[in-house]
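Below you'll find the structure, written out as structure tokens, and then a few comments.
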Amino acid sequence: MVNKPVVIVDVDNTLFDYAAELHKELCKVCKDIPTPENWNDWNFYTKYMSKKQFFEAVGRAHERQMDFKPFEDAKEFLVCLSKSYRVCVASHRENRFLDVTKNWLDKYELYYDEVCVLPDKSKLFNKMVKLVVDDSPHIIQEAEKNSIRVCAISYPWNRVMSGNGCIMGNSLSEVYSKLESLDEKEGN
Ligand SMILES: [Mg+2]
């Protein structure tokens, strides 16, 4: 297949448990920061620190990328997607983290056709993009607006999106089974 449709796959909290690592960094700024199971709102941090402090902590966590292990089912999930899609792994992180992101994917043999780091992934949406995998409520919403199928691991900060069209599961394996049964129903 020359022109495979594209799937855009997020990294943080999609391919590995970023929230746990971010929490460690946020605790260094403010000891009262709640644990991730209480992050019920994407912007939960605003009560505890400035935007600048938050994004510095985000960067410090990304600097340690090579220390993190992917979710157990991440490798298989990407291989399964690659049979039907061109896989674009895209992460909202600073440009300086492009190489470490690729090195990390290579270290764990996580499949990709291309890797992008950019502040707004919805800029990648075009008519070839047929699936988005992302836990961010903003990206879920943008995908829905563009009529692109979207799925996510379910978290406290995106549960509110589950009533909409977003396909949610507790793990990537669960998300993939739901996608498969939907494809079967639609005869794809
Ligand atoms: Mg994410």
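Only the coordinates and a few stated rules stand behind these numbers; no lab work does. All of these numbers come straight from a predicted model, not from anything done at the bench. Note: ideal-geometry Cβ built from the backbone for every residue, glycine included; neighbour counts use all protein chains shown.
Can you list the GluC sites (Glu not before Pro) in region 109-147 that are in a DSSP coil and have 12 or fewer other beta carbons within 10 angstrom?
In loop regions of region 109-147 (DSSP not H, G, I, E or B), the sparsely surrounded GluC sites (Glu not before Pro) are E109.
Compute the semi-axes of the equivalent ellipsoid of the chain, taking the square root of 5 times each eigenvalue of the Cα gyration tensor, and list them largest first in whole Å. Write down the numbers at each step before the final one.
Details: eigenvalues 149, 71, 45 Å².
Ellipsoid semi-axes (Å, largest first): 27, 19, 15.
Report for the chain the percent antiparallel among DSSP-assigned beta bridges with both residues inside it, nearest 5.
In the chain, approximately 5 percent of DSSP beta bridges are antiparallel ones.
Between beta-carbons, use under 13 Å as the cut-off and find the net charge around A61, counting Lys and Arg +1, Asp and Glu -1.
Net of charged neighbours comes to -3.
Using amide H atoms built 1.01 Å from N in the peptide plane, name the residues 5+ places from V150, or on other chains, whose amide H lies under 5 Å from its own.
V132, I167
At 37 °C and 0.692 mPa s, grab the translational diffusion coefficient of region 18-67 from Stokes-Einstein with a Kirkwood Rh over Cα pairs, rounded to a whole number in µm² per second.
300
Net charge near K28: determine it from the other residues with C-beta under 11 Å of the C-beta of K28, scoring Lys and Arg +1 and Asp and Glu -1.
+1
Calculate I(q)/I(0) for region 1-111 by the Debye formula, one identical point scatterer on each C-alpha and no solvent, and give its log10 at q = 0.09, 0.10 Å⁻¹ to two decimals.
-0.28, -0.34
Net charge within 11 Å of S91 by Cβ-Cβ distance, Lys/Arg positive one each and Asp/Glu negative one each, not counting S91 itself?
Here the count lands on -1.
What longest region of the chain stays clear of trypsin sites (Lys or Arg not before Pro) that DSSP places outside H, G, I, E and B and that have at most 15 other Cβ atoms within 10 Å? Before the final figure, lay out the partial values.
Details: sites that count: K31, R64, K127.
So the longest stretch without any such site is 65-126.
What do you get for the angle between helix 18-29 and the principal long axis of the chain? Use alpha-carbon atoms, 0 to 90 degrees, nearest ten.
Once rounded, the angle reads 20 degrees.
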